[in-house]
Structure formats: C-alpha cells, structure tokens
Amino acid sequence: MADKESTVYVVDLGESMADCHNGRVESDLDFGMRYVWDKISTTVAASRKTWTIGFVGFNTDETDNVLANDGQFEGYDNISALQPIGPMSMTELRELRSKVQPSNVHGTDPVSAAVVALTMVQQYNPTHKIKRRVILVTNGESQIDDDELDSIAEKFNEKKVELVVIGIDFDDPEYGFKEEDKSTHKKNNENALQQLVDKCNDGVFGTMQQAVEELSIPRIKPVRPFKAYDGPLTLGDPSKYPSAISIHVERYFKTKRAPPPSASTVVVNNGFSQTQTFKDEDEDVEMGGAEFSGVKQMRSYKVNDPDAPGGKRDVDFEELAKGYQYGRTVVPFGESDLSITKYSTQKSFTIIGFIPYDSYNPFINMGETGLIVPQKMNEEAELGLSAFIHALHEVESYAVARYVAKDDAQVQILLLKPNPGLEDDFECLYDVPLPFAEDIRSYQFPPLDKVLTVSGNVLKEHRLLPNDELKDAMSDFVDAMDLSNYDVDEEGKPLDYAPVDEVYNPIIHRMNQAIRARAIDPESSIGPPAEILLRYSKPPKKLLDKAKHEIGNLIDAAELKKVPEKAKGRFGRKDTVKPRSGLDIDSLLESQPKLATISSENAIPEFKRILREANDDETIERAVKQMGEIVRKLIKDSFADMLYSRAAENLGVMREKLLEFEEPMLYNKFLRALKKSLLSGELNGDRREMWYKHIVGGGLGLITNEELDVSDVTEEEAKEFAK
C-alpha cells in the first residue's frame, strides 16, 4: 500500500448475487466479499488516518448517492453509498457488515455505480497527490450500457483514478479459468467491462477466483528505511594521528525481525471508561471503540508496619530501592550505586581489525543485518568509502568494527562485508553483529566415527556406529531428497522449492489471519491455515515418490521398527505387549524373589520394582513408608549438606511414581511431616537449607489438583505451604 491512498469498493448486491454457482456452497456475494472484507480489515488493522475507505452498493432497495440526490442526473437509481470515504474503525466495519445483504433488485448498471464512486473520490480529495482507486465487484448479470464507455474512461484518466474490475466467474485465460455454459448476456457484459478497463490508463481486469486464491499468500509489510547511525567510520584515531582514516557514513537496517502481533489488555466498555491512545511507528492509534476500552494498570507497594491500620502501610515508588541477595541477606542498591555499574560509552564506529574470507564461519552471525553507505551529498565520503569497499574486496577480507549507536549505548562488534556493486550496481558495506566471548558456549561430544572405551581403545566397528551399508543408504537418501532437483521448469532448468521470498513465518501470518477473521465475524469459526504456510512442514510428495526406493533401502539398512505404544493403568499394570522375540518375560523373571524391604544403598531401583509389582494399596503404602524413612535418615546423618542431594533425588522419585500411580495423599502426608521435622530440629540440628534449597527450590512441593485431579491441595495452599 502507498503511504496515502483512498479506495472505494463498488459491490453488486442484486438478487442474483444470492445464488451459488460453479459448485460453490457459498453465494456469489459471500464469495466476492471474502476478498473485499480481507482488504478492508487489513486497512482497519493498520489504523492509518491517511488510508481511507468508501463503500458503494448497487442493485440496492434504496437510492442514496451524490448524483441521484442532486436531482440533476438520471440513471443512478438503486445505488447507495453505504460508507462515506474516510478512515474506518472496527465499529464502522461491523455496521457496514450488517448492511451488505442481497436485495430483491436487479438490472442496475455497474458502470453507473463506478461513476458514483469516482465522484465520491473526487469530492473527498480533488488533488492527485494520493493513490486513488475504485474496485468494482460484480457477477456480470446486470445490464451494462456501453454507449458512454469512452467518456467514462476519459474521466478516470483525467482524474488519475485507478479502476479495478474483479468479476465473479469471469474468464481469465492467463490465470486458466473459464466458466462453462456461460450465457450470452454475461459474455457481453464481461466484454464491456474489459473494454472499459482497457481504455483506462491505470486499469486492472481479473477474475475473483484468482483474487480469492491470492488472499492466502501473506502480505509482507514494507518497512521504511530507518537510520541507525550517522557519523564517522574511523580507522585509527584522527585526533591523534594524521594518517588515520575518517569517512562520514550512514547506517540503515537491511533486515529487521518481524514479531507476531501483540495483544493489549481490554475491558468491556461500560460507557464511562475512556479510551487510551497508543503510539506506533506511524502515528497515534486509538485503542477502544464501542465494545472495549484499554486498561490502565496501577501498582501499590506496602510494607509491614505494626502502627499502621491492618499492620501495613503504603509506600511511594520513589521510596523503593533495588535489593540484591547476598547469601541470606538483601543488600540495598540505590540509583546512585547502580550508575557506577553502567559502562560509559560514547558514540563511535571504529574499525579494529581485518580477517580473511575463509577464516570466518557464517554460523557466528548474530542479530539483524545492517547497510552502510556514504553520507548523502558528500563526494569525499563517497570516494573514501568506495575505495575502502574495493580494497576489502580485492584482498578478500572482512573488517571488524566496534560500534556504539549513541552515547551510553551498548557496545557491538560488527563484521563488515564489502559489496562492490559488481552484480547489483550498488556499493555498500553489509554488517552483522558478532558474539562476545561470553556468548560462546563450548560443548564436547563423543566422536561420531569411533567409540572410545574406558581403557582407551579405539573401536571402528560397534553397534552404535553405522556400517558401510547404512552409510551408502543414507548418502543415496540425501541425494534423492535434494530440494534443488525438486522439479524443472518449462525450459528444463531446476526449480527452487523454497525461494527466500516465499518462505513465510507461519506464526506471524496465521495470527494475522485469525485476527482478521475474528474482526470481520466474531461468531464464525477461524478457517484452517493457508496451504502456503504448511508447504514446508512436510517434504513434497513428488520428491517422496522419486525417493521411494532410497527410503526403503534406508529403512532396511537401519533396521527401523515401529515401537509399540505403552498404556499405563492403576498400580503400574500395563496392557500386555507381546515381545517381538516371542519370549515369555514373566516366566523368566518368576525365579527372582519379590522384594520385602528397600535398602538405602539401592533405594531407587528397589522402590520402583516394588511399585511395579504392587497389586494393592497396602504394598504401595509400605514402600512409601520405607522410602520415607531412608530420606529422613539421609538428612539426619548428613554432615552439613553432603547428603541433601541424594535425599532430594530419592524424594523426587517418590513424588514422580506416586503421581504416576495417582496416590498424591501418601506423598503430601509424608511431606507435611518431613517439613515439621526439618524446621523443628528433630533431624539432628538445623536442616532448613534442605527445605528451602532442595525441596522448595527443586520443585518437590505438595502435589496439587492442577497436577492430579484426585489431589485435595490447591495451588494457593501449596504456595502457602512452601513458605
């Protein structure tokens, strides 16, 4: 969209628009309005005062337009201006939707309705400084008078207004749509509208099938150039060394992260609340309307004061100070102290080094890309930067620069890549942020091509290593699934399956689609995601068909088998799954004696085994009691906090298994008793650290009804208990 534009939609509301054609289950009006509502809702969502909308309906039961109301012109009956030109709000969108209904009228000339729209555009903005457009939507069933087409086209050309005609079931050879068994009457009307568009200097003629199909293609919001830096790019210190280089440059964003649309907190408007105004990058946007109003949030701060009513008194925000925990003590940190910790910087852009192309790994790139060009109307800067760019290109090197956008801003290290303009005839430097040492995380992983034993031996053949057959099968599979050979065009050249400009963020565009659907009709369901957003969620079927042989070989070489699902039941009983080997596992394990007690040396495996074999509640209670005694003994015998981690691990397993067996009461009962013992000193001294650090801090609190429905502990009770 242009920065300033005015659009009038002219829609056929005749009785024929209520019919369904070409196998559709929706009427012609609903089909055509899918395009109109999408365009209008996009404009409403932008909320720009310079984007104005008008709506004209023809074949309406009433007559209400500027030409018929004057009484000076004839032939403009049953044409109504349902929405005057102007910025449109959500309230007006809802009101307009209620007016757009098929009538009992037919025969109104759509060209006359387009003339009414042209007149409205001219009266609203007689100048030619903004983009002005009339969009006509019709099924071509109304009679058209083609005697005045030349003069009407001249008016559109004289006023510099674009005319867009979108016909429902109109033939379009370029798109590949043709309606079968079309009446001669509709063919003649299509030809008349096609002639009118052809006579206009700025005209578009198309079929609604293509327009609706293109609605699923996400619209990319154009971003205005934003200058992030305007100042010298230096090599050396010009204030100290005469040989230092200083070039006045400007830095703009080349790529910018597009976040999903954010939500605002609203409340049902009671007639007394006031709307709020929020700032966006374009202009003020009023939040609110007939149904909702923005919410203003207020915070109050209280401190304990025995002399105040209720034992607490209010404190102003200005009296608060930040506090940092040092051990178990809170250290206050005022604003004056905090200013000392800030790193003072000055606006600068300084080159600190150079690196060759081949010594840089592109995966270190961080953040958004910038664009550096010389200062406008500065020939010295243009010459200097051009020489620097070509010098970097000739020696095949990148520059590394220290960048501070403004005083007291954070320091960034940028990698500068030369673009000498050999391909696009545009000289510039591209930059990307580089990580600092603290941003790098180094991890060591075992090698993939060998296995190192404990004794230091190197094994080249192992069950965890792929054999030659598996390597060959995987190599063939990767070659067969190559997206660069996905398909070929008409000239036999390979087609790119995922061009950069066609890979859309599904989160952003699905959110926008859902918001538009809910804004247009709050009662209807939100449709499925557009197919283009799901395109890359699965491999293309054509490629899978081509690689069917390689996929089969890979499955055989890797010996892939489907893992049977496991169903859990009460007391750990699972649905019987017959092993692929055919062995009776239960009979093989019958010789092992059942455990009666749990030892502290092997508590976790023995606890799990007893629960796995339990057939009644008494067995589970006995196992929990034994595990609880082990946990208490570990805490009691612990020298300082040496055995706390082991006790917390045992407690965590107890919690996990009782969650699985739906026995939260046993765990909650034990934990309440354990807390009492810990805080009272019953377990050989002060053991509060075990409670706060390992139990509360480790997420081993009470089992609430949020985790398990059968629990009688609420989330609030669990939080209170953890204090």
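The values are calculated or read from the model by the stated rules, or taken from the named source; none is laboratory data. Owing to the predicted nature of the structure, the values given are computational and were not obtained by experimental measurement. With ideal geometry, Cβ positions are generated from the backbone for all residues, glycine too; neighbour counts draw on all protein chains shown.
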Meets criteria (surrounded by fewer than 19 Cβ atoms within 10 Å (Cβ to Cβ), touching a Gly at 6+ places or on another chain (Cβ under 8 Å) and assigned by TED's automatic domain parsing to the domain that holds residue 172) for residue 129: no
Residue check for residue 14: over 30 Å from residue 182 (Cα atoms) and over 31 Å from the mean Cα position of the chain (by Cα): no
Residue pairs meeting the criteria (Cβ under 7 Å; at least 6 apart or on separate chains; first assigned by TED's automatic domain parsing to the domain that holds residue 376 and among the hydroxyl-bearing types (Ser, Thr, Tyr), in segment 240-254; second part of a loop (DSSP other than H, G, I, E, B) and surrounded by fewer than 18 Cβ atoms within 10 Å (Cβ to Cβ)): 243/236; 246/238; 252/225; 252/226
Strands (runs of 3 or more DSSP E) wholly inside segment 148-251 containing at least 3 residues that are touching a strand residue (DSSP E or B) at 6+ places or on another chain (Cβ under 8 Å) and within 29 Å of residue 7 (Cβ to Cβ): 162-167, 203-207
Segment 517-547, residues that are outside any loop (DSSP other than H, G, I, E, B), over 21 Å from the mean Cα position of the chain (by Cα) and surrounded by 11 or more Cβ atoms within 10 Å (Cβ to Cβ): 520, 542, 543, 544, 546
Near pairs, Cβ below 8 angstrom, 6+ apart or cross-chain, from segment 479-490 (in a helix (DSSP H, G or I) and surrounded by 15 or more Cβ atoms within 10 Å (Cβ to Cβ)) to any residue that is modelled with pLDDT under 85 and aliphatic (A, V, I, L, M): 483/498
Residue tally, condition surrounded by 15 or more Cβ atoms within 10 Å (Cβ to Cβ) and among the acidic types (Asp, Glu), over segment 175-201: 2
Single condition residue 27 does not satisfy, out of (1) modelled with pLDDT of 90 or more; (2) touching a strand residue (DSSP E or B) at 6+ places or on another chain (Cβ under 9 Å); (3) more than 30 Å from residue 269 (Cα to Cα): (2)
Residue 636 more than 27 Å from residue 712 (Cβ to Cβ) and either of a type in the set (Phe, Trp, Tyr) or in a helix (DSSP H, G or I) (or both): yes
Any hit, segment 559-576, residues being modelled with pLDDT of 85 or more and either outside any helix (DSSP H, G or I) or of a type in the set (Asp, Glu) (or both): yes
Any hit, segment 64-87, residues being in a strand (DSSP E or B), farther than 26 Å from residue 130 by Cα and in contact (Cβ under 8 Å) with a residue 60 or more places away in the chain: no
Criterion violated by residue 593 - all others in (1) surrounded by 11 or more Cβ atoms within 10 Å (Cβ to Cβ); (2) modelled with pLDDT under 55; (3) not in a helix (DSSP H, G or I) satisfied: (1)
Residue list for segment 190-230, filter: aliphatic (A, V, I, L, M) and in contact with an Asp or Glu (Cβ under 7 Å, 6 or more places away or on another chain): 192, 215
Any hit, segment 365-382, residues being assigned by TED's automatic domain parsing to the domain that holds residue 239, of a type in the set (Ser, Thr, Tyr) and more than 35 Å from the chain's Cα centre (by Cα): no
Residue identified as surrounded by 15 or more Cβ atoms within 10 Å (Cβ to Cβ), among the aromatic types (Phe, Trp, Tyr) and under 20 Å from residue 15 (Cα atoms) among 76, 124: 76
Pick from segment 312-342, criterion assigned to a helix (DSSP H, G or I) and surrounded by 11 or more Cβ atoms within 10 Å (Cβ to Cβ), ranking: farthest from the chain's Cα centre (by Cα): 337
Failed criterion for residue 292 (all others in (1) at pLDDT 85 or above; (2) surrounded by 12 or more Cβ atoms within 10 Å (Cβ to Cβ) hold): (1)
Selected residue [of a type in the set (A, V, I, L, M), within 30 Å of residue 152 (Cβ to Cβ) and modelled with pLDDT of 85 or more] from 249, 212: 212
Per-region count, segment 105-126, residues touching a Gly at 6+ places or on another chain (Cβ under 9 Å) and either without any contact (Cβ under 8 Å) to a residue 12 or more places away in the chain or not in a helix (DSSP H, G or I) (or both): 5
Of all residues in segment 109-156 being modelled with pLDDT under 90 and of a type in the set (Ser, Thr, Tyr), the one that is nearest to residue 168 (Cα to Cα): 142
Tally, over segment 655-714, of residues that are of a type in the set (D, E, K, R), part of a helix (DSSP H, G or I), over 41 Å from the mean Cα position of the chain (by Cα) and within 19 Å of residue 630 (Cβ to Cβ): 4
Segment 403-455: number of residues that are of a type in the set (Phe, Trp, Tyr) and closer than 30 Å to residue 468 by Cα: 2
Segment 413-433: number of residues that are touching an Asp or Glu at 6+ places or on another chain (Cβ under 9 Å), in contact (Cβ under 8 Å) with a residue 40 or more places away in the chain and closer than 18 Å to residue 360 by Cβ: 5
Tally, over segment 642-656, of residues that are modelled with pLDDT under 85 and either basic (Lys, Arg) or in contact with a Lys or Arg (Cβ under 8 Å, 6 or more places away or on another chain) (or both): 1
Residue within segment 467-477 that is assigned to a loop (DSSP other than H, G, I, E, B) and not assigned by TED's automatic domain parsing to the domain that holds residue 361 present: yes
Close pairs from segment 694-714: first outside the structural domain of residue 672 (by TED's automatic domain parsing), partner of a type in the set (Ser, Thr, Tyr) and not in a loop (DSSP other than H, G, I, E, B), Cβ under 6 Å, at least 6 apart: none
Residues located in segment 165-211, provided they are hydrophobic (A, V, I, L, M, F, W, C) and out of contact with any helix residue (DSSP H, G or I) (no Cβ under 8 Å at 6 or more places or on another chain): 197
